[in-house]
Amino acid sequence: LESGVWSGVQEVLLLKQQPAFCEMSNEPPNLPRDVMFDILSRLPIKSLLQFRCVAKSWLSLIGHPHFIELHLSRSTSDTATTGGHHLLLCYESSDYTKNDYSLRCTTTFLERSKLEFPFQSVHGYIRIVGSSRGLVCLFDTNYFTYIGTVILWNPIIRKFKVLPNSHQTHRFRDTFSHTVVGFGFVSKINVYKVVQVLYDSDRQAIPDVLVYMMETNSWKKVGVNAPCYIPNCWSNNVYVNGAVHWMAYKKPKVDGFYNSIMSFDMSDEVFGEMGLPSNRGLTYDQLHLAVSASGESLSLLLHFRDGVGDRWEVWLMKEYGVIESWVKQFTIAEAQTSLPLYLMNNGEVLLIRNNGKLVSYDPVNQRIKDLGICGLQSSFRVVAYVSSLVLLDGGEEVLE
């Protein structure tokens, strides 16, 4: 740090060491606002939340939209450099008890804390949709209707926002089957968006497509056709390159079907389609879409059972949208693997074993490390998120 900024950091930290820190009426150090922004954006969120109770001017400064954006940019940059982001891990125990944890993504996973979803499910099941720039998107739904509630949640500051009901923006049909949800941040216009694709029980029917913008806090119907069908079992998605991606399948004019990746560009609000590296027909439990360890590329997990053996192949799309750029990264030949969950920056992979144990697998040395977590195989869901102050003054607080 430059000497002036470092002295400012020291002055701010000295304030925190005062015994009656939160009862003080001290004003922020007499420094230009941009310097204060630079100083405070380097501090952890826990400290910033404490600083807010020093004085109204501190409260205003830390809640300023430009400061929140600066802090998020720095947090995202630091995460990309160190790989020390958070993982939201959700799973069910053998007795069907739900477990939600935040894991600090390090080589040892020593930092583990219990999390509680912001509210009780109304419809029966809270599903993780995805995360983007400090927010996690949840969908409260069930497997029998298309109805559900979307929630945006900041686990770090324990704030959440329940989105308005989307059903008023489209024509109701009693033949609706299920809803697929996607979430992402559009950097061009600096806004979070949610997309809902409402499928009909008649798979040949054109689904309704609804888009929510946080800036307007409203839904709108978008007149675009989804080129593929996404079954409920493939509703998990990946947000890369400004678009949401799902595993899907498409029925050609002749008999049969083929697997595909369907995307929705959150900026232009149009659908796209990508091919897979393998043309072999694979069932839904043999195909899983993932994000690369860098968070910037698509990855694909393929499960094969053939003469070569029982194995998972991990593929990476080197050039976005170019089918020929799919490259096989490595093979997981561990026979007891039920499902690869997450690709980590250190090259290891989080796996679920057939006995329901969560392990870390090193594909180079083929070593397995038990992480001390066990649950139902099909219930595990992992999503990465970064520390942020988003929703600091615009969300409801999670009650203890």
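Couple of notes before you dig in:
- The stretch 317-389: trypsin sites (Lys or Arg not before Pro) falling in loop per DSSP and having at most 13 other Cβ within 10 Å: Lys318
- Charge tally around Gln329: other residues with Cβ under 14 Å, Lys/Arg +1 each, Asp/Glu -1 each, net 0.
- Alpha carbon centroid spacing (whole Å) that separates the stretch 294-339 from the stretch 216-248: 23 Å
- In this structure, Asn354 and Lys114 have a Cβ-Cβ separation that, at R0 = 30 Å, corresponds to a calculated FRET efficiency of about 0.70.
- Computing FRET efficiency as 1/(1 + (r/R0)^6) for Lys221 and Ser47, where r is the C-beta to C-beta distance and R0 is 41 Å, gives about 0.40.
- Filter on Lys114/Lys161; Lys159/Lys357; Lys188/Lys250; Lys114/Lys328 - keep pairs with C-alpha separation over 29 Å: Lys159/Lys357; Lys188/Lys250; Lys114/Lys328
- For Ser299, net neighbour charge (Lys/Arg +1, Asp/Glu -1) across residues whose Cβ lies under 12 Å away: 0
- Spacing of the two label points (7 Å from each Cα toward its C-beta) at Ser187 and Asn99, in nm: 3.7 nm
FYI, it's all coordinate maths here, none of it is from the lab. Bear in mind the structure is a predicted one, so any value in this text is a computation, not a measurement. Backbone-built Cβ (ideal geometry, glycine too); neighbour counts: all protein chains shown.
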